[in-house]
1. Collect the residues in the range 36-65 that are among the polar types (S, T, N, Q) and under 15 Å from GLN125 (Cα atoms), keeping them in residue-number order.
2. Checking THR75 against (1) within 18 Å of PHE48 (Cα to Cα); (2) without any contact (Cβ under 8 Å) to a residue 40 or more places away in the chain, which single condition isn't satisfied?
3. Mind listing whichever residues of the range 67-93 are modelled with pLDDT of 95 or more, aliphatic (A, V, I, L, M) and either over 17 Å from PHE126 (Cα atoms) or outside any helix (DSSP H, G or I) (or both)?
4. In this structure, does SER87 turn out to be small (Gly, Ala, Ser), over 15 Å from ASP49 (Cα atoms) and either in contact (Cβ under 8 Å) with a residue 40 or more places away in the chain or in contact with a Pro (Cβ under 7 Å, 6 or more places away or on another chain) (or both)?
5. Out of curiosity, is LYS29 touching a Leu at 6+ places or on another chain (Cβ under 8 Å), surrounded by 11 or more Cβ atoms within 10 Å (Cβ to Cβ) and modelled with pLDDT under 95?
6. Can you name every residue in the range 81-117 that is surrounded by 17 or more Cβ atoms within 10 Å (Cβ to Cβ) and charged (D, E, K, R)?
7. Among the residues of the range 106-129, is there at least one that is over 30 Å from GLN28 (Cβ atoms), at pLDDT 95 or above, touching a helix residue (DSSP H, G or I) at 6+ places or on another chain (Cβ under 7 Å) and not basic (Lys, Arg)?
8. Identify, from the list SER120, SER136, the residue that is of a type outside the set (Val, Ile, Thr) and more than 17 Å from the chain's Cα centre (by Cα).
Amino acid sequence: MKNLILASAAFSIIFASCQNKQVENKDQKLSEQAIAIHDEIMPQIPHFDKTTLLIDSILINLPAIKSSKTDLDTTNTRADLNNLKDSIENATDNMMTWMKDYDAMNEDEDYQQKEVNKISEMKKQFERVSVNIKTSLSKFN
């Protein structure tokens, strides 16, 4: 009887240990996934910063650009470029906030899943901004 109790206790400890490793591994995989997505989109920040400077330059020189592109609607162009600049800054600010707030060491699976979801949405935001940059600035090349 004593052996049965000891065997049951040992089995319970081993089983619990394996369960903890599975949870740890899942949390770790989610954390690694969040960091991988971050590492994929983070290199776009310098490009976004340069694009913001380019937009500022275009806005400052819009009257001169209008003289060479007479069909350019400066009112709509100014609004579009300011909206694009806001989108770029919003995406960049979201990344900076996420990096400041993210806790890669947090072992809560729900937390890590929410962070993966956040950074995945941010990736989509970065992709939309990149497409908007190409579309909006193509007429100035």
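The values are calculated or read from the model by the stated rules, or taken from the named source; none is laboratory data. Everything quoted here is computed from the prediction, not taken from an experiment. Virtual Cβ from ideal backbone geometry, glycine too; neighbours counted across all protein chains shown.
1. Once the filter is applied, which keeps residues that are among the polar types (S, T, N, Q) and under 15 Å from GLN125 (Cα atoms), the range 36-65 yields only GLN44.
2. In the conditions (1) within 18 Å of PHE48 (Cα to Cα); (2) without any contact (Cβ under 8 Å) to a residue 40 or more places away in the chain, THR75 misses (1) alone.
3. ALA79
4. On the way: small (Gly, Ala, Ser): yes; over 15 Å from ASP49 (Cα atoms): no; either in contact (Cβ under 8 Å) with a residue 40 or more places away in the chain or in contact with a Pro (Cβ under 7 Å, 6 or more places away or on another chain) (or both): yes.
Taking the combined requirement at face value, the residue does not satisfy it.
5. Details: touching a Leu at 6+ places or on another chain (Cβ under 8 Å): no; surrounded by 11 or more Cβ atoms within 10 Å (Cβ to Cβ): yes; modelled with pLDDT under 95: yes.
When the stated conditions are applied, LYS29 does not pass them.
6. So the first thing to find is which residues in the range 81-117 are surrounded by 17 or more Cβ atoms within 10 Å (Cβ to Cβ), and the list is 81, 84-85, 87-88, 91-92, 95, 102, 112, 115-116.
Passing the criteria: LYS85, GLU115.
7. Yes: the range 106-129 contains one or more residues that are over 30 Å from GLN28 (Cβ atoms), at pLDDT 95 or above, touching a helix residue (DSSP H, G or I) at 6+ places or on another chain (Cβ under 7 Å) and not basic (Lys, Arg).
8. Checking each option against the conditions leaves just SER136.
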